[in-house]
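Visitor: Structure provided below as structure tokens; questions to follow.
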Amino acid sequence: MKLDLKLTGCRAITMDPARPAAHTIGIWQGRIAGLDEQVEDLPATETVDLGNAVVLPGFIDAHTHLAWNGRRTVDITGLTTVTQILDRLANAPGTGWIEASGYDRRIMDVPLTALDLDRISDGRPVYVADLSGHACVVNSVVLKQLPEITSDGWLTENEQLAARTLRLPYSLDEITTELHTSAQQVLSEGVTMCAEAGIGAGLIASSPVEAAAYQRAQLPIRVQLMVSAHVLHDATADPSDGIPRAIDLGLHTGFGDDMLSLGALKLWTDGGMMARTAALSEPYLGSDNTGRLAESEEFMRSAIIDGHHAGWQLAIHAIGDRAIDFTLDAVQEAQRQRPRADARHRIEHCGLVRSDQLSRIAALGMVPVVQPTFLYAYGDDYSEIMGETRAPWMYRGRSFLDHGITVAGSSDRPVADGAPLRAIEFMVRRRSSSGRAVGPAEAITVEEALHAYTLGSAYACRKEHVLGSLTPGKLADLVVLGDDPRTSDAIAEIPVLATMVGGAFNFQRAS
Ligand SMILES: [Zn+2]
């Protein structure tokens with residue numbers, strides 16, 4: 001046997017307990033052929049000496065929005081006054097919609113309104129996306145097309161969705177370009193696979209046929225598509241199949257392989273903490289607001305139960321503890337009606353978890369897909385609005401693991417920065433960007449955090465048999481790092497030297 005590639009001089013952390021370390025990795029046909037003495041004597045077409053660099057399985061981001069992340073919009077991140085924002089928007093290129101991103105209502109001296117935006121819009125519709133992804137500000141041109149909504153321009157959740165829908169669809173060409181932009185970015189951060197959290201419809205959709213863009217794009221990373229529950233429609237299957245609803249999406253011949261696959265069915269049960277719409281059982285501190293559920297309980301419950309019946313893995317967005325209660329009740333009912341072993345339903349975000357909910361999550365075999373970087377970026381704000389008692393319950397780590405729950409790492413890019421090493425550092429240190437301790441009792445070890453971003457996220461995507469560890473027979477996805485996260489005191493700063501997908505270095509850092 002002749003290997004395609006032999007990597008020597010590795011300090012590999014394989015994440016495989018059967019063989020936790022290796023110095024040599026043999027690669028053949030895009031897969032790991034063997035480690036150390038299994039491949040040392042084999043000839044190879046190419047041999048690369050990594051000079052004692054640290055090698056890990058490629059990071060898997062179990063929840064991202066690649067098209068949204070790659071969208072070219074006017075960036076207003078960090079701006080705090082209406083004047084600054086209008087100056088930035090005044091010369092927006094093009095003739096159609098003016099789209100901006102990075103708005104943060106919490107840091108504004110006075111919130112932006114439709115009337116403000118009218119001053120620079122020149123008759124064009126304007127859509128300013130809030131950082132949270134759950135709100136926006138639009139101008140009067142947009143509001144006029146939404147006569148049923150009364151607002152000064154600030155729209156959240158379903159009203160935001162109504163405004164968003166006016167802009168849709170993006171063309172497959174636009175989406176394809178956005179996907180390539182994001183793929184290059186994530187590769188430079190060591191990510192080899194992303195799960196796209198909800199295509200086809202709903203809050204972050206780009207087009208009803210957007211699956212075709214992923215197929216056309218042939219990206220240099222692996223992608224798993226989660227399908228929005230809103231695209232389920234009545235299906236005329238035989239009643240004995242137990243599949244009342246199914247999807248279309250623009251799928252066509254040739255869809256699906258190691259690089260592109262279909263993942264979970266994505267549902268939303270509440271909003272987010274940033275927009276104060278995550279559904280809580282007790283109000284946000286200093287207010288009587290308890291957030292809100294995303295849709296009618298009837299819609300959400302039937303989507304969960306029908307999706308479960310039809311064989312989907314469910315990826316249920318639930319941030320507040322009340323949304324998590326709802327989710328657990330509905331999944332429990334679905335499992336009662338039709339028990340499915342290893343359904344492996346996911347809770348996306350799983351942001352505020354009461355202690356009594358931990359054993360229920362474990363008993364239902366559900367997987368929290370967490371975004372540690374939310375707390376690095378927004379932990380100060382979230383701690384304030386949750387208050388002393390609840391702040392330690394946010395985006396847990398230790399308690400999940402202690403209950404035997406598998407934790408999956410993810411970013412929700414572009415809602416928060418997507419770099420896995422930043423997230424891993426947070427999971428270990430539990431410090432926000434200002435240095436504030438956020439739920440320090442939930443800290444986990446570096447090895448456990450690495451597990452969350454490799455085998456844990458592979459498990460959430462049902463890919464642990466082919467991804468997540470450097471094990472002979474698995475796909476050759478790996479990341480080469482400038483230092484060992486287990487001994488580094490600045491994990492987030494460790495340089496990503498190269499990223500390999502399927503045996504090919506699709507990213508190499510300029511030296
Ligand atoms: Zn998301």
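The values are calculated or read from the model by the stated rules, or taken from the named source; none is laboratory data. Keep in mind the model is a prediction, meaning the values are calculated, not measured. Cβ sites come from the backbone with ideal geometry, for glycine too, and all protein chains shown count toward neighbours. For the accessible areas, the whole protein counts, side chains as well, though only heavy atoms, and no ligand, DNA or RNA atoms are used. Shrake-Rupley method; radii C 1.70, N 1.55, O 1.52, S 1.80 Å.
Visitor: Do you know which of the residues in segment 34-64 that are over 22 Å from R462 (Cα atoms) and in contact with a Pro (Cβ under 8 Å, 6 or more places away or on another chain) is surrounded by the fewest Cβ atoms within 10 Å (Cβ to Cβ)?
Guide: Our first condition is that a residue be over 22 Å from R462 (Cα atoms); within segment 34-64, this holds for 34-55.
Imposing the further condition that a residue be in contact with a Pro (Cβ under 8 Å, 6 or more places away or on another chain) reduces the set to 34-35, 38, 54.
On the way: G34: 21, L35: 23, Q38: 16, V54: 21.
Taking the candidates together, the pick is Q38.
Visitor: Would you be able to say whether some residue in segment 65-81 is aliphatic (A, V, I, L, M), within 16 Å of the ligand (Cβ to nearest atom) and buried (at least 23 other Cβ atoms within 10 Å of the Cβ)? Lay out the reasoning, then the answer.
Guide: Of segment 65-81, the ones aliphatic (A, V, I, L, M) are 66-67, 74, 76, 79.
Subsequent filtering for residues that are within 16 Å of the ligand (Cβ to nearest atom) retains 66-67.
Filter again for buried (at least 23 other Cβ atoms within 10 Å of the Cβ), leaving 66-67.
The answer is yes; a qualifying residue exists.
Visitor: Can you list residue pairs whose Cβ atoms sit under 7 Å apart, with the first residue in segment 152-163 being surrounded by fewer than 19 Cβ atoms within 10 Å (Cβ to Cβ) and the second being part of a helix (DSSP H, G or I)? Count only pairs 6 or more apart in sequence or on different chains.
Guide: Close Cβ pairs satisfying both conditions: D152/A114.
Visitor: Looking at segment 358-373 only, could you name the residues that are more than 16 Å from the ligand (Cβ to nearest atom) and touching a helix residue (DSSP H, G or I) at 6+ places or on another chain (Cβ under 6 Å)?
Guide: Of all residues in segment 358-373, those more than 16 Å from the ligand (Cβ to nearest atom) come to 358-366.
Answer for segment 358-373, where residues must be more than 16 Å from the ligand (Cβ to nearest atom) and touching a helix residue (DSSP H, G or I) at 6+ places or on another chain (Cβ under 6 Å): L358, R360, L364.
Visitor: Regarding segment 298-318, can at least one residue be identified that is more than 29 Å from A183 (Cα to Cα) and within 16 Å of the ligand (Cβ to nearest atom)? If you could, list the steps in order and put the result at the bottom.
Guide: Pass one, segment 298-318, residues more than 29 Å from A183 (Cα to Cα): 298-311.
In the following step, the residues that additionally are within 16 Å of the ligand (Cβ to nearest atom) were identified as none.
No, there is no match, as no residue in segment 298-318 is more than 29 Å from A183 (Cα to Cα) and within 16 Å of the ligand (Cβ to nearest atom).
Visitor: Kindly list, by first and then second residue, each pair from a residue in segment 61-82 that is under 30 Å from R346 (Cα atoms) and outside any loop (DSSP other than H, G, I, E, B) to a residue that is more than 16 Å from the ligand (Cβ to nearest atom) and open to solvent by 10 Å² or more (accessible area, probe 1.4 Å), limited to pairs with Cβ atoms under 6 Å and residues at least 6 apart or on different chains.
Guide: G70/T181
Visitor: Kindly indicate whether G473 is part of a loop (DSSP other than H, G, I, E, B), touching a residue at least 24 places away in the same chain (Cβ under 8 Å) and under 22 Å from the mean Cα position of the chain (by Cα). Let's see the steps before the verdict.
Guide: Values: part of a loop (DSSP other than H, G, I, E, B): yes; touching a residue at least 24 places away in the same chain (Cβ under 8 Å): yes; under 22 Å from the mean Cα position of the chain (by Cα): no.
No; evaluated as a whole, the condition is false for this residue.
Visitor: Of the residues that make up segment 256-266, is at least one out of contact with any His (no Cβ under 7 Å at 6 or more places or on another chain) and over 20 Å from H63 (Cα atoms)?
Guide: no
Visitor: Go through segment 174-198 and give me each residue that's open to solvent by 10 Å² or more (accessible area, probe 1.4 Å), more than 16 Å from the ligand (Cβ to nearest atom) and either modelled with pLDDT of 95 or more or aliphatic (A, V, I, L, M) (or both).
Guide: The answer is T176, T177, H180, T181, Q184, Q185, S188, E189.
Visitor: Another question, then. Within 16 Å of the ligand (Cβ to nearest atom), crowded, with 20+ Cβ neighbours inside 10 Å, under 26 Å from L450 (Cα atoms) and touching a residue at least 12 places away in the same chain (Cβ under 8 Å): does that describe S206? Lay out the reasoning, then the answer.
Guide: Details: within 16 Å of the ligand (Cβ to nearest atom): yes; crowded, with 20+ Cβ neighbours inside 10 Å: yes; under 26 Å from L450 (Cα atoms): no; touching a residue at least 12 places away in the same chain (Cβ under 8 Å): yes.
Spelling it out, it is not the case that S206 is within 16 Å of the ligand (Cβ to nearest atom), crowded, with 20+ Cβ neighbours inside 10 Å, under 26 Å from L450 (Cα atoms) and touching a residue at least 12 places away in the same chain (Cβ under 8 Å).
Visitor: Which residue pairs have Cβ atoms under 8 Å apart, sit 6 or more places apart or on different chains, and have a first residue in segment 228-252 that is under 17 Å from P208 (Cα atoms) and a second that is among the basic types (K, R) and open to solvent by less than 40 Å² (accessible area, probe 1.4 Å)?
Guide: Between residues of segment 228-252 that are under 17 Å from P208 (Cα atoms) and residues that are among the basic types (K, R) and open to solvent by less than 40 Å² (accessible area, probe 1.4 Å), the close pairs are S228/K266; A229/K266; L232/R245; H233/R245; D234/R245.
Visitor: Condition check: under 19 Å from A443 (Cβ atoms) and surrounded by fewer than 24 Cβ atoms within 10 Å (Cβ to Cβ). Does R422 satisfy that? Step through it out loud before you land on a result.
Guide: Details: under 19 Å from A443 (Cβ atoms): yes; surrounded by fewer than 24 Cβ atoms within 10 Å (Cβ to Cβ): yes.
Spelling it out, R422 is indeed under 19 Å from A443 (Cβ atoms) and surrounded by fewer than 24 Cβ atoms within 10 Å (Cβ to Cβ).
Visitor: Right, here's the next one. Looking at (1) more than 17 Å from the chain's Cα centre (by Cα); (2) open to solvent by 10 Å² or more (accessible area, probe 1.4 Å); (3) without any contact (Cβ under 8 Å) to a residue 60 or more places away in the chain, can you tell me which one G379 breaks?
Guide: (2)
Visitor: Restricting attention to segment 434-454, does a residue exist that is farther than 22 Å from L56 by Cα, surrounded by fewer than 24 Cβ atoms within 10 Å (Cβ to Cβ) and within 16 Å of the ligand (Cβ to nearest atom)?
Guide: no
Visitor: If you don't mind, another one. Output the residues belonging to segment 332-352 that are more than 16 Å from the ligand (Cβ to nearest atom) and surrounded by 24 or more Cβ atoms within 10 Å (Cβ to Cβ). Can you show your working first?
Guide: Just the residues of segment 332-352 that are more than 16 Å from the ligand (Cβ to nearest atom), to begin with: 332-345, 352.
Matches in segment 332-352: H345, L352.
Visitor: Also, quick follow-up: Among the numbered criteria (1) modelled with pLDDT of 95 or more; (2) within 16 Å of the ligand (Cβ to nearest atom); (3) not β-branched (V, I, T), which single criterion is violated by Q145?
Guide: (2)
Visitor: Taking segment 382-418 on its own, how many of its residues are under 10 Å from G439 (Cα atoms) and either aromatic (F, W, Y) or within 16 Å of the ligand (Cβ to nearest atom) (or both)?
Guide: Of the residues in that region, 2 qualify.
Visitor: Within segment 127-137, can one find any residue that is open to solvent by 30 Å² or more (accessible area, probe 1.4 Å) and either among the polar types (S, T, N, Q) or within 22 Å of the chain's Cα centre (by Cα) (or both)?
Guide: Residues of segment 127-137 that are open to solvent by 30 Å² or more (accessible area, probe 1.4 Å), as a first pass: 131.
So of that shortlist, the ones also either among the polar types (S, T, N, Q) or within 22 Å of the chain's Cα centre (by Cα) (or both) come out as 131.
For segment 127-137, residues open to solvent by 30 Å² or more (accessible area, probe 1.4 Å) and either among the polar types (S, T, N, Q) or within 22 Å of the chain's Cα centre (by Cα) (or both): present.
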